[in-house]
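Here the structure comes first, spelled out in structure tokens, and everything after it is commentary.
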Amino acid sequence: MEILNVITLSIPIFFLMIGTEIAVDIYKKTKTYRVNDSISNLTAGVLQQSYGFVAAAIRAAVFAACYTYFGIFKDIFTADKWWVWIGMFFLVDFVYYWFHRASHRIALLWTGHVVHHQSEEYNLTVALRQSILQGIYSAPWIAIYGVLGIDYKVVVVSMGLNTVLQFWVHTQHIDKLPRWLEYFLNTPSHHRVHHGRNPQYIDKNYAGALIIWDRMFGTFEPEKEKVVFGITVAPKTWNPFYGQFSTLRDLTQTARQRGFKNGIRTLLHPPGWCPENDTIDLSFENREKYDPIIPKAKTVLALGIFTSATVMVSYYLFQITHLSMGVKIALIAISSIALYLVGKLLDQANRESI
């Protein structure tokens, strides 16, 4: 059964909107883009799409098992009913809210979601800064739809649409919208708050498409003071694999050092939890953005390599059903090496990036 891949089909639109925002940014001289940061964001997205088949296979297996053994309403929640699609729009957004909230409040899940928050800028490329691990971590939430017996086509398309609808909120060029829209929609203003590392903004506004869930469950925070973007401890490297996996490495090392009981608690408590005084470290520091200066020639070379890798992965995504396994592996391997080299070039031999 061939299912519409909403995210893959939206890639040209994403890049068109990014190009438009860059043009507006240059015209207004607002400097919301940096070449190295933007390439890093897009590199994370390209990697996530390259290895997305792993998470997709796990989610499909979990869904199939739950649908087969439970599938409570499988004869009712079928793809040929219009009201099922409308209901799924709200259900997917509701489930996403809780998964997103858990991804901030459970340290193990945070190791996947942290990638999306690492950028110290805020523009449309940040929307594409995604994690390889997060798709795997989402499998238990997919089980909900299988247990209910919702048609898999409806699930995949609805989840893809929900993801696409979150793209436009990653911008500083749209101020607050009319109050009635701000009340129920997730808007750029609401989502800027979510990406802030200001103490009052941390763990707020988890909404996907609708902000009503945050208002209902006490996690809403309006945008008031200027948002400082990023996470409390910045990676200080453009190495894409470091960004993807270093938080998981650090968390597991810390958990092992704390012994079995506190180790388990470390994995399940919020990020930054300390067993000595049962507190969470949310320290805020004024710091300079990570922005190593490198020769323009290296920046151009990095951009060229990144573009080549992106073309390879795009070809892989759009032709995936027609390619042999050998070609797929080759495309993923070559593009991954290329993206690693891009990070090395942008880091200018920064030791932490190795």
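The values are calculated or read from the model by the stated rules, or taken from the named source; none is laboratory data. Nothing here was measured: the structure is a model prediction, and the numbers come from that model. Quick reminder, even Gly has a Cβ in these numbers, built from the backbone with ideal geometry, and neighbours come from all protein chains shown.
Does ILE18 satisfy the criteria of being closer than 17 Å to SER314 by Cα, more than 16 Å from the chain's Cα centre (by Cα) and either surrounded by 20 or more Cβ atoms within 10 Å (Cβ to Cβ) or of a type in the set (Phe, Trp, Tyr) (or both)?
Against the criterion (closer than 17 Å to SER314 by Cα, more than 16 Å from the chain's Cα centre (by Cα) and either surrounded by 20 or more Cβ atoms within 10 Å (Cβ to Cβ) or of a type in the set (Phe, Trp, Tyr) (or both)), ILE18 qualifies.
Residues checked against (1) under 30 Å from ARG34 (Cα atoms); (2) at pLDDT 95 or above; (3) over 13 Å from the mean Cα position of the chain (by Cα); (4) in a helix (DSSP H, G or I):
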site	(1), (2), (3), (4)
GLU120	yes, yes, yes, no
VAL126	yes, yes, no, yes
TRP141	no, yes, yes, yes
LEU161	yes, yes, yes, yes
VAL164	yes, yes, no, yes
HIS173	yes, yes, yes, no
LEU181	no, yes, yes, yes
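Would you confirm, using the coordinates I've provided, whether GLY272 is surrounded by 13 or more Cβ atoms within 10 Å (Cβ to Cβ), of a type in the set (Gly, Ala, Ser) and at pLDDT below 95?
Working: surrounded by 13 or more Cβ atoms within 10 Å (Cβ to Cβ): yes; of a type in the set (Gly, Ala, Ser): yes; at pLDDT below 95: yes.
Yes.
Does TYR96 fit the bill of being part of a helix (DSSP H, G or I), hydroxyl-bearing (Ser, Thr, Tyr) and in the same structural domain as HIS190 (by TED's automatic domain parsing)?
yes
Filter region 317-332 down to the residues that are closer than 25 Å to PRO12 by Cβ and among the aliphatic types (A, V, I, L, M), then identify the one that is modelled with the lowest pLDDT.
Start the filter on region 317-332 by keeping residues that are closer than 25 Å to PRO12 by Cβ, which leaves 317-323, 327-328, 330-332.
Remaining after also requiring among the aliphatic types (A, V, I, L, M): 317, 320, 323, 327, 330-332.
Working: LEU317: 95, ILE320: 92, LEU323: 96, VAL327: 98, ALA330: 98, LEU331: 98, ILE332: 98.
Taking the candidates together, the pick is ILE320.
Does any residue in region 241-252 that is over 13 Å from HIS113 (Cβ atoms) and assigned to a helix (DSSP H, G or I) come within less than 9 Å, Cβ to Cβ, of a residue that is at pLDDT below 95 and not β-branched (Val, Ile, Thr) six or more places away or on a different chain, and which pairs are these?
TYR242/PRO235; TYR242/GLU352; TYR242/SER353; SER246/PRO235
Does TYR69 satisfy the condition of being farther than 30 Å from ALA338 by Cα, over 21 Å from the mean Cα position of the chain (by Cα) and not hydrophobic (A, V, I, L, M, F, W, C)?
So TYR69 fits the description; yes.
Would region 68-83 turn up any residue that is crowded, with 16+ Cβ neighbours inside 10 Å, at pLDDT 95 or above and assigned to a helix (DSSP H, G or I)?
no
With crowded, with 18+ Cβ neighbours inside 10 Å and of a type in the set (Lys, Arg) as the only criterion, which of ARG129, ARG179, ARG215 stands out? Give the derivation first.
On the way: ARG179 fails: crowded, with 18+ Cβ neighbours inside 10 Å; ARG215 fails: crowded, with 18+ Cβ neighbours inside 10 Å.
When all the criteria are applied, what remains is ARG129.
Name every residue in region 218-240 that is of a type in the set (Ser, Thr, Tyr) and buried (at least 21 other Cβ atoms within 10 Å of the Cβ), in order of residue number.
THR237
Every residue, every condition in (1) touching a residue at least 24 places away in the same chain (Cβ under 8 Å); (2) of a type outside the set (A, V, I, L, M, F, W, C); (3) over 27 Å from ILE142 (Cα atoms), yes or no:
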{"position": "LYS153", "(1), (2), (3)": "yes, yes, no"}
{"position": "GLN166", "(1), (2), (3)": "yes, yes, no"}
{"position": "HIS170", "(1), (2), (3)": "yes, yes, no"}
{"position": "TYR183", "(1), (2), (3)": "yes, yes, yes"}
{"position": "HIS190", "(1), (2), (3)": "yes, yes, no"}
{"position": "PRO199", "(1), (2), (3)": "yes, yes, yes"}
{"position": "GLY208", "(1), (2), (3)": "yes, yes, no"}
{"position": "ASP214", "(1), (2), (3)": "yes, yes, no"}
{"position": "GLY218", "(1), (2), (3)": "no, yes, no"}
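So which residues in region 198-212 are over 15 Å from PRO188 (Cα atoms) and either surrounded by fewer than 16 Cβ atoms within 10 Å (Cβ to Cβ) or under 18 Å from the mean Cα position of the chain (by Cα) (or both), if there are any at all?
Matches in region 198-212: PRO199, GLN200, ILE202, ASP203.
Quick one: which of ILE320, ILE332 is out of contact with any Lys or Arg (no Cβ under 6 Å at 6 or more places or on another chain), among the hydrophobic types (A, V, I, L, M, F, W, C), surrounded by 11 or more Cβ atoms within 10 Å (Cβ to Cβ) and outside any helix (DSSP H, G or I)?
Going through ILE320, ILE332 in turn, the sole match is ILE320.
Does ALA309 satisfy the criteria of being surrounded by 17 or more Cβ atoms within 10 Å (Cβ to Cβ) and out of contact with any Phe, Trp or Tyr (no Cβ under 8 Å at 6 or more places or on another chain)? Quick ask: steps written out before the conclusion?
Working: surrounded by 17 or more Cβ atoms within 10 Å (Cβ to Cβ): yes; out of contact with any Phe, Trp or Tyr (no Cβ under 8 Å at 6 or more places or on another chain): yes.
Yes, satisfied.
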